[in-house]
Amino acid sequence: MLALLAAAPLSAQQPTDAPVHRPRVGLVLSGGGARGAAHIGVLKVLEENRIPVDAIAGTSMGAVVGGLYASGLSASDIERVMTSVDWQDAFRDRPSRTDLNFRRKLEDQNFLVKFPLGLKGRKFRLPRGLVQGQKLTQILRGLTLPVAQIQHFDDLAIPFRAVATDLVTGDRVVLDHGDLTTAMRASLSAPGVFSPVDYEGRMLVDGGLSSNLPVDVAREMGVDVLIVVDCGFPLLERGKLISVATVSNQMLAILIRHNTAEQRKTLHSSDVVIDPALGDFSSLDFTEHAKAMRIGEEAARSQQQRLAPLSVPDAQFHRVMAARTAKRTSLPEVKFLQVEPGSEKYASAINALFGDQVGKPVNVPRLTRRVGELYGQGNLEIFDYRLVKEDDDFGLAFTTRRNSWGPNYLRFGLQLQNDFEGNSSFNAAARGTLAEITRYGGEWLWDFQVGETPRVATEVYLPVGYRSRWFLAPHAEFKIRTLPLVDDDERILAEYRVRSTDFGFDFGRELGNYGEIRLGAGRTIGSARVRIGDPLLPPTEFDANKFFGEFRYDSVDDVNFPRRGGSFSLAWQGEREGGGDSQKADLIVFDQLYAHSWGRNTAILWTTAGTRLDSDVDIVRSHYTIGGFLNMSGVTPETLVGPHFAVARGIYYRRIGEGTGQGFLNVPVYLGTSLEIGNVWNARRDMSFSSAKTNGSVFFGLDTLFGPVYFATGFDDEGGSAYYLFLGRTF
């Protein structure tokens with residue numbers, strides 16, 4: 001009989017809807033990273049069985065789930081959030097590439113190493129955590145805005161406590177008031193992974209270090225019985241302790257288990273303990289949250305008999321839930337903006353970006369987009385807002401903190417190509433950025449490159465206002481490059497080494513974050529000398545005025561392996577040499593790419609073309625070179641040279657690996673193929689499909705921290721082939 005009662009739904013055991021007196025129930029939710037998704041499964045079972053919760057104490061992920069539940073969200077609401085959020089993206093600070101401002105998109109194309117290095121006081125600096133938590137904070141902010149006016153956590157739909165650790169003293173800190181989002185974020189801040197949170201003068205990190213299972217905190221909230229959910233960390237077996245990382249994690253797990261054991265000793269016989277059977281489920285694998293939730297449900301149902309006395313009649317439970325939901329008020333009209341102490345440096349930018357929000361209801365998507373716009377410039381460690389109340393009016397209070405490892409940054413790029421026939425090239429580049437040199441966010445850039453194509457360049461970017469899209473950009477560049485001379489059989493007859501110095505002044509306008517129009521004028525000076533080949537070939541000197549105009553559009557989600565979006569550019573460059581023999585050159589270059597994905601599959605259509613308009617300038621400056629991987633893959637790199645060219649490519653690749661797959665060496669892996677049609681021509685009238693060459697490739701690609709790496713074989717329609725090891729930009 002007892003077994004039947006335990007297996008039956010609690011609704012069958014308590015058919016009456018009459019109000020009943022019941023003990024006050026406290027819920028304790030442990031830390032555990034991604035393992036903490038099991039808490040959601042437990043909440044679902046509690047709701048199914050009509051068990052109200054009267055107080056919640058949580059640590060780390062338990063504080064996040066508990067805080068959202070205390071704000072009035074239901075278990076199913078939290079489950080929808082958990083399953084709809086891209087958690088891998090949420091743990092990256094940088095906005096998605098489609099949301100970056102256009103300058104950062106351009107930087108992505110040439111400086112592929114994804115993490116900038118700070119430079120401050122003549123010392124290199126790293127961030128205080130791998131993740132600053134910007135995106136995660138904005139997700140939590142949007143979910144908790146309906147209760148943002150509540151400053152004492154006892155006034156939430158369910159009284160709530162979050163546990164954090166003071167990084168300076170090591171003390172446990174119980175958060176019971178203030179900003180709910182900040183409290184959850186502080187409790188979750190695993191040291192070394194997340195940047196610490198400054199909260200009322202303290203530097204707070206993950207509460208798991210001091211109290212991963214805060215039983216005593218919940219007990220002090222005036223409850224009669226506790227439901228304790230422990231998703232803590234298991235100890236690894238001897239055979240799995242094989243690296244510095246696993247040994248370090250084991251040490252941390254021992255410390256956490258020790259304070260958890262001490263808390264569990266204080267439990268009463270009436271308390272209910274739920275231990276989800278998570279085994280060695282990773283605390284970092286947020287892609288498996290659905291599995292963790294199922295395990296949580298199973299663990300809660302295994303304790304159904306002990307939970308039964310805590311159930312209330314259906315009508316009473318629905319009244320409790322309705323009262324909790326009512327705590328989530330509609331978003332008010334914004335009456336004022338407020339800049340928090342310490343953020344005054346960015347007051348003008350905040351007023352320019354958010355001033356139009358005054359007099360309108362709070363618009364979370366718009367706020368998130370505007371926050372990302374300023375944060376995406378890369379100069380801020382954190383940029384957040386919260387809802388505040390003065391008298392009867394609501395406003396938005398903004399907090400900014402400049403990067404602690406800035407304000408100047410270095411970013412790196414790497415390019416390597418080898419055709420396994422003795423031909424290789426290598427370039428390593430660095431960009432130094434002196435940020436915020438003007439009140440409107442001006443930048444002074446220095447580029448340095450060594451290798452096959454040495455280069456030194458500088459540009460001063462001067463926007464004319466915070467929201468204005470117009471800019472000025474004086475610039476200068478010195479570059480050395482190689483230009484091959486080939487015959488019709490694509491044999492290299494000679495190589496010129498071309499040295500050029502360019503300087504000028506650009507004027508342009510950004511078009512939102514998706515495009516740019518730029519016009520410029522300047523001067524180019526240089527020379528070309530034979531490096532390989534007949535030493536009697538004449539050198540070339542040039543000194544010309546240069547003019548150009550360019551339109552660029554970019555909505556591609558990733559420059560390494562695009563999955564969606566498109567890019568387009570159209571550029572004209574004109575050169576005019578003075579003197580008695582006046583020479584001129586006009587060159588037009590077009591580039592278009594469109595990417596579309598379904599599942600793990602991606603198809604790309606990419607076309608590029610260039611032409612020379614009635615040029616009488618020497619070959620050094622008015623010819624194009626093609627050849628190489630994805631640029632007529634069956635042809636030796638840069639051995640097709642001419643004044644007119646066109647290449648059309650169809651590319652397909654598929655992400656391979658198990659499940660969502662992190663691929664080989666924990667990086668995404670792709671297998672793909674391409675079909676390429678194109679050529680160079682001496683006269684524009686000769687350009688045609690019939691005279692074009694057909695090439696193709698099969699490639700294996702890895703999306704690494706240093707940029708995309710490809711192992712490829714190319715082939716052409718005449719039976720030729722080429723092999724490549726390629727690191728660097730392709731698209």
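The values are calculated or read from the model by the stated rules, or taken from the named source; none is laboratory data. Every value quoted in this text rests on a predicted model; they were computed, and no experiment measured them. Because the Cβ atoms are built from the backbone with ideal geometry, glycine has one as well, and the counts that use them run over all protein chains shown. When the accessible area is computed, the model is the full protein with side chains, heavy atoms only, and any ligands, DNA or RNA have been set aside. Shrake-Rupley method; radii C 1.70, N 1.55, O 1.52, S 1.80 Å.
Quick look at the numbers
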read-out: Hits in region 509-538 (condition: modelled with pLDDT of 95 or more and among the basic types (Lys, Arg)); value: Arg518
read-out: Hey, Gly413 of a type in the set (Gly, Ala, Ser) and crowded, with 19+ Cβ neighbours inside 10 Å or not; value: yes
read-out: Filter result for Arg22 (open to solvent by 50 Å² or more (accessible area, probe 1.4 Å) and either more than 30 Å from Val667 (Cβ to Cβ) or modelled with pLDDT of 90 or more (or both)); value: yes
read-out: Criterion (modelled with pLDDT of 95 or more, assigned to a strand (DSSP E or B) and among the acidic types (Asp, Glu)) met by exactly one of Asp586, Asp591; value: Asp591
read-out: Those strands (runs of 3 or more DSSP E) lying entirely in region 388-456 with at least 3 residues on the phi > 0 side of the Ramachandran plot; value: none
read-out: Residue within region 176-195 that is surrounded by fewer than 21 Cβ atoms within 10 Å (Cβ to Cβ), at pLDDT 90 or above and not small (Gly, Ala, Ser) present; value: yes
read-out: Residue selected from region 537-552 under the condition in contact (Cβ under 8 Å) with a residue 12 or more places away in the chain and not in a strand (DSSP E or B), by the criterion surrounded by the most Cβ atoms within 10 Å (Cβ to Cβ); value: Leu537
read-out: Selection within region 312-329 - within 10 Å of Asn49 (Cα to Cα) and either within 44 Å of the chain's Cα centre (by Cα) or not in a loop (DSSP other than H, G, I, E, B) (or both); value: Asp314, Phe317
read-out: Of residues in region 647-664 being hydrophobic (A, V, I, L, M, F, W, C) and at pLDDT 95 or above, the one farthest from Thr608 (Cα to Cα); value: Ile651
read-out: Options Ile350, Ile295: the member that is surrounded by 15 or more Cβ atoms within 10 Å (Cβ to Cβ) and either of a type in the set (Asp, Glu) or modelled with pLDDT of 90 or more (or both); value: Ile295
read-out: Residue that is open to solvent by 10 Å² or more (accessible area, probe 1.4 Å), part of a loop (DSSP other than H, G, I, E, B), in contact with a Ser or Thr (Cβ under 6 Å, 6 or more places away or on another chain) and within 30 Å of Gln305 (Cα to Cα), where the choices are Gly232, Gly222; value: Gly232
read-out: Per-region count, region 682-731, residues on the phi < 0 side of the Ramachandran plot, touching a residue at least 12 places away in the same chain (Cβ under 8 Å) and small (Gly, Ala, Ser); value: 11
read-out: Residue ID - modelled with the lowest pLDDT, chosen from residues in region 273-292 that are surrounded by fewer than 20 Cβ atoms within 10 Å (Cβ to Cβ) and within 20 Å of Pro214 (Cβ to Cβ); value: Asp275
read-out: Which numbered condition Glu421 misses (of (1) closer than 22 Å to Pro196 by Cα; (2) surrounded by fewer than 17 Cβ atoms within 10 Å (Cβ to Cβ)); value: (1)
read-out: Residue in region 67-74 that is assigned to a loop (DSSP other than H, G, I, E, B), surrounded by fewer than 17 Cβ atoms within 10 Å (Cβ to Cβ) and at pLDDT below 90 present; value: no
read-out: Residue selected from region 196-219 under the condition under 22 Å from Leu278 (Cβ atoms), part of a helix (DSSP H, G or I) and not small (Gly, Ala, Ser), by the criterion modelled with the lowest pLDDT; value: Leu209
read-out: Residues being open to solvent by less than 30 Å² (accessible area, probe 1.4 Å), at pLDDT 75 or above and touching a Gly at 6+ places or on another chain (Cβ under 9 Å) - total across region 459-494; value: 4
read-out: Scope region 461-484; condition outside any strand (DSSP E or B), in contact (Cβ under 8 Å) with a residue 60 or more places away in the chain and not basic (Lys, Arg); matching residues; value: Gly465, Tyr466
read-out: Tally, over region 312-332, of residues that are modelled with pLDDT of 90 or more and either in contact with a strand residue (DSSP E or B) (Cβ under 8 Å, 6 or more places away or on another chain) or surrounded by 19 or more Cβ atoms within 10 Å (Cβ to Cβ) (or both); value: 1
read-out: Glu516 acidic (Asp, Glu), in a strand (DSSP E or B), open to solvent by less than 80 Å² (accessible area, probe 1.4 Å) and touching a Leu at 6+ places or on another chain (Cβ under 7 Å); value: no
read-out: So Ile626, is it within 38 Å of the chain's Cα centre (by Cα), modelled with pLDDT of 80 or more and under 25 Å from Thr501 (Cα atoms); value: yes
read-out: Members of region 375-387 that are of a type outside the set (Lys, Arg), open to solvent by 20 Å² or more (accessible area, probe 1.4 Å) and farther than 13 Å from Lys135 by Cα; value: Gln377, Gly378
read-out: Residue match in region 357-372 (condition: part of a helix (DSSP H, G or I), of a type outside the set (Phe, Trp, Tyr), more than 25 Å from the chain's Cα centre (by Cα) and surrounded by 13 or more Cβ atoms within 10 Å (Cβ to Cβ)); value: yes
read-out: Selection status of Lys345, over 30 Å from Gly628 (Cα atoms), open to solvent by 60 Å² or more (accessible area, probe 1.4 Å), of a type outside the set (Phe, Trp, Tyr) and without any contact (Cβ under 8 Å) to a residue 40 or more places away in the chain; value: no
